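Please read the structure below before turning to the comments.
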Amino acid sequence: MLNSKKEWQDLLLSMSNPLIPYFSEGGARLDLGKTAVYYDQRAISMEGISRLFWGMVPYYAGGGTDPSWNLRLCKALASGTDPKNPEYWGDFTNKDQKFVEMAAIAYGILYAREKFWDVLSGKEQDNLAHYLYQINEYVLPECNWILFAVLVNLALKSVGKKYSGNRLEEYLTMTDSFYEGEGWYRDGDSNQKDYYISFAIHFYCLIYASLCEAEDPKRAALYKERAMIFAKQFIYWFDESGEALAFGRSLTYRFAQVAFFSACVIAGIEPFSLGQMKGLITRHMEQWLGKDLFDRDHILTIGYGYPNLIMAEAYNSPTSPYWAYKTFAILMLPDEHPFWSVEIEDFPQLTPIMPQPHADKLMVNDSHHATAYPIAVFSPAGHGQSIPKYGKFSYDTCFGFSVSKSSYNFFENAPDSMLAFIVDGDCHVRRIGLEGRIEEHSTYSKWSPYPGIMVETTIDVDLEGSTRRHVITSTISCKARDCGYTVACRDEDGMEKCVEGGSAFAKNRFSSCKVTSLQGEGVGMVEGVSPNTNILYRKTVLPLVEYEIHPGCQTIVTRVDATVVPGVPR
C-alpha cells in the first residue's frame, strides 16, 4: 500500500534510477529508444530531461534529500541551454515541441528555486532565462499549450528576469475563453474533451491559483471554484479499483490520469474528503503498478496496459511517458500535511447515471466500472488512431477499447463498441458525428460511415448496459456488425463463448459481454480480433450481431449487456 510519503518518494526514485545509464556525457540528453516522432532528436532529448522535473521538483520541494538527481538535472539545464555546448537543445520554430517541455522546467523554478535556479552560476541563469523567454516570441497552438507560456512567465518573473506581462495576460484571458461550463473547458480550437482538460488545463490553472492567490485573488478563486465543480464530474471517469477510463489521446501518459486530484490537494481544495482523494490517488497508482508498464530495464514504455506502438500518437517518443510524473505533485506536501496521516477511504458514492453535456458524454458509474457514452466530437486533424479513441459508442474502465491495424478486414479493424459496415471487405465506422446530443439517459448522433449510408443512432443506457437503435438509410447493400466490448482471452483469463441465434456471449473470470438482436433479424457471432489491438489486454474476442443492410431505410436494435465481477484482479 502506498500510504506514507516515504513510500511515494521511494516509488519515484525506483522509477527514475534505472534511467541514469541513459544520460549523455554532457547530461542534457536522455535517449531511451529508437522510434521516431514528428519533432527532432534534440527536442526528444530535452523532453527526456524535462519530464523528470514533474516528479523531481515536488520531491525536492517537499524535502527530498537525495542530492544526485538535483545535480544531474541542473547539469542538464546548464548544457542544454548553452548555445556553445554540443548538447544544446537547439533554437526554435513556431509551435515547437520544446515549448511543451519548458513548462516542467518552470515548475522547478517556481516550487524549488533553491534547487533548480539558485545553484546555477550567473551565466547559466542568464542562458536558461534567455532560452525560456523565447516562448513569447513564437506562435503557440491555441490550446493547452498557451499555459506553458503562463508558467514560464511566472517563473521568469519570480527570479527577476525578463518576462512578458502582455503574454501572461493574453494567455490567461484566452484560457478563460475555452471555458464551457460545469467545470469543463474545451482544449482550445480542437473542441476535444479528454484528459488534457484535467492533467493540463486544470492542473496548470491550479498551479497558478496556488502561487498567485495574493497577487490575483479573483482569478485564483475562479480557478479553484471551477476545479471543485469539475471534480464532481471527472470522478465519474474512475472506478472503485482506481482504474481510469481509457478514452482519447495521450493514454501513454498513464497515471497522469489522476494528476488533477494531486493538484487539488496542492491547491488546498477538497471536492471530496481528503481520505477519499488519497484513496483514489493511491488505488489508481497501485493498479497501474500491477500492469506491464516497464521494459526489462524498468523503463516506462510507449503503450497503455502493456507496451504497444499501435495505439501511439505522432508525438509519443520513448521519453514521452514520463509526463505521468505529474501525479507525484503530492510529494511537495510537507511531512506534517494531513494527507500523509489521513486514513484511506473508499470510492465516493455517486448517482449512477450522469449526463455531462459539456463533456459531450453520458456517464454511467456503478463503482465496479465506469462507462462513457460519447457523441464523437473531436479534432478532424487527429494525432493517431483518433477514430477508435473518440468515435466509439462507449468506453469502459474494465473492457478498455481496441485500436485499428487497418480497415481492410474485420479482424484487423477490431471495431468494438461500434456499428461496422462491411463494404467490399473493408470496415467503415462512425467517425466525427454530424449531429449529436446528450439526454438524461440516452445519447443521439447522426453520422455517415460511407458515401450513400446515413445512420441515426439513439443509445438508451442503464446500469446493466445499453440498447442501441440505428435508423439506417442506405443506397447500397452490405453487412453491418453491431459490436459489443472486446473481452480479454489471455491464457490467464479463462474464456467461455456462446452463440445462439441472434445473440452472442463472451465471458472470462472478471467480466462478460452479451450482444442480442432485438430488431432486424441479426445473427450472433463471437469473432477473434488481431492481437495487441485492445489497449488493456493483449488478446481479446469480440461478441457481435451481424445484420443484412439493403437499399432504403431500415431500423435495427441491439442490446449490449456488460458485467464486471467486483474485486477480481484484471
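Structure data summary
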{"item": "The one condition in (1) surrounded by fewer than 24 Cβ atoms within 10 Å (Cβ to Cβ); (2) charged (D, E, K, R); (3) in contact (Cβ under 8 Å) with a residue 24 or more places away in the chain that Lys326 fails to fulfil", "result": "(1)"}
{"item": "The listed residue being crowded, with 22+ Cβ neighbours inside 10 Å, of a type in the set (Lys, Arg) and farther than 21 Å from Thr563 by Cα, out of Arg468, Arg430", "result": "Arg430"}
{"item": "The stretch 105-118 residues that are under 18 Å from Tyr322 (Cβ atoms), paired with ones that are modelled with pLDDT of 95 or more and among the small types (Gly, Ala, Ser) (beta carbon under 6 Å, 6 or more apart)", "result": "Ile105/Ser50; Ala106/Ala155; Tyr111/Ala61; Ala112/Ala61; Phe116/Gly108"}
{"item": "Among residues of the stretch 450-488, those that are more than 27 Å from Glu440 (Cα to Cα), hydroxyl-bearing (Ser, Thr, Tyr) and either assigned to a strand (DSSP E or B) or touching a Leu at 6+ places or on another chain (Cβ under 7 Å) (or both), counted", "result": "2"}
{"item": "Subset of the stretch 1-41 [of a type in the set (Lys, Arg) and either modelled with pLDDT under 95 or touching a Cys at 6+ places or on another chain (Cβ under 8 Å) (or both)]", "result": "Lys34"}
{"item": "Residue pairs meeting the criteria (Cβ under 7 Å; at least 6 apart or on separate chains; first under 14 Å from Met332 (Cβ atoms), in the stretch 56-80; second part of a loop (DSSP other than H, G, I, E, B))", "result": "Val57/Ala112; Tyr60/Ala112; Ala61/Ala112; Gly62/Leu333; Gly62/Pro334; Gly63/Asp335"}
{"item": "Those residues of the stretch 511-568 which are more than 24 Å from the chain's Cα centre (by Cα), among the charged types (D, E, K, R) and more than 20 Å from Val499 (Cα to Cα), in sequence order", "result": "none"}
{"item": "Those residues of the stretch 397-440 which are among the aliphatic types (A, V, I, L, M) and not in a loop (DSSP other than H, G, I, E, B), in sequence order", "result": "Leu419, Ala420, Ile422, Val423, Ile438"}
{"item": "Condition broken by Leu333, with the remaining ones in (1) over 22 Å from Gly279 (Cα atoms); (2) assigned by TED's automatic domain parsing to the domain that holds Asp297 satisfied", "result": "(1)"}
{"item": "Answer from Val159, Val139, Val150 - the residue that is assigned by TED's automatic domain parsing to the domain that holds Asp82 and more than 31 Å from the chain's Cα centre (by Cα)", "result": "Val159"}
{"item": "Among residues of the stretch 60-74, those that are surrounded by 17 or more Cβ atoms within 10 Å (Cβ to Cβ) and either at pLDDT below 95 or not aliphatic (A, V, I, L, M) (or both), counted", "result": "7"}
{"item": "Among residues of the stretch 216-238, those that are closer than 24 Å to Pro355 by Cβ and either assigned to a helix (DSSP H, G or I) or outside the structural domain of Glu182 (by TED's automatic domain parsing) (or both), counted", "result": "13"}
{"item": "Selected residue (only one of Met56, Met46 is aliphatic (A, V, I, L, M), surrounded by 23 or more Cβ atoms within 10 Å (Cβ to Cβ) and in contact with a Lys or Arg (Cβ under 7 Å, 6 or more places away or on another chain))", "result": "Met46"}
{"item": "Members of the stretch 472-491 found to be closer than 15 Å to Ile556 by Cα, loosely packed, with under 15 Cβ neighbours inside 10 Å and among the aliphatic types (A, V, I, L, M), listed by number", "result": "none"}
{"item": "Test result for Phe261, crowded, with 21+ Cβ neighbours inside 10 Å and at pLDDT 95 or above", "result": "yes"}
{"item": "Some residue of the stretch 87-104 being surrounded by 22 or more Cβ atoms within 10 Å (Cβ to Cβ), in the same structural domain as Leu331 (by TED's automatic domain parsing), among the acidic types (Asp, Glu) and not in a loop (DSSP other than H, G, I, E, B)", "result": "yes"}
{"item": "Checking Asp424 against (1) more than 26 Å from Lys507 (Cα to Cα); (2) charged (D, E, K, R); (3) touching a residue at least 12 places away in the same chain (Cβ under 8 Å), the condition it does not meet", "result": "(3)"}
{"item": "The lone exception for Met525 - which of (1) out of contact with any Asp or Glu (no Cβ under 7 Å at 6 or more places or on another chain); (2) among the hydrophobic types (A, V, I, L, M, F, W, C); (3) more than 28 Å from Pro357 (Cβ to Cβ) it fails", "result": "(1)"}
{"item": "Residue, surrounded by the most Cβ atoms within 10 Å (Cβ to Cβ), within the stretch 406-425, restricted to residues that are modelled with pLDDT of 95 or more and charged (D, E, K, R)", "result": "Asp416"}
{"item": "Top-ranked residue of the stretch 531-570 - restricted to ones that are outside any strand (DSSP E or B), among the charged types (D, E, K, R) and in contact (Cβ under 8 Å) with a residue 60 or more places away in the chain, ranked as surrounded by the most Cβ atoms within 10 Å (Cβ to Cβ)", "result": "Arg570"}
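The values are calculated or read from the model by the stated rules, or taken from the named source; none is laboratory data. If you're wondering where the values come from, they're calculated on a predicted model, not measured in any experiment. Ideal geometry is used to build each Cβ from the backbone, glycine not excepted, and the neighbour counts take in all protein chains shown.
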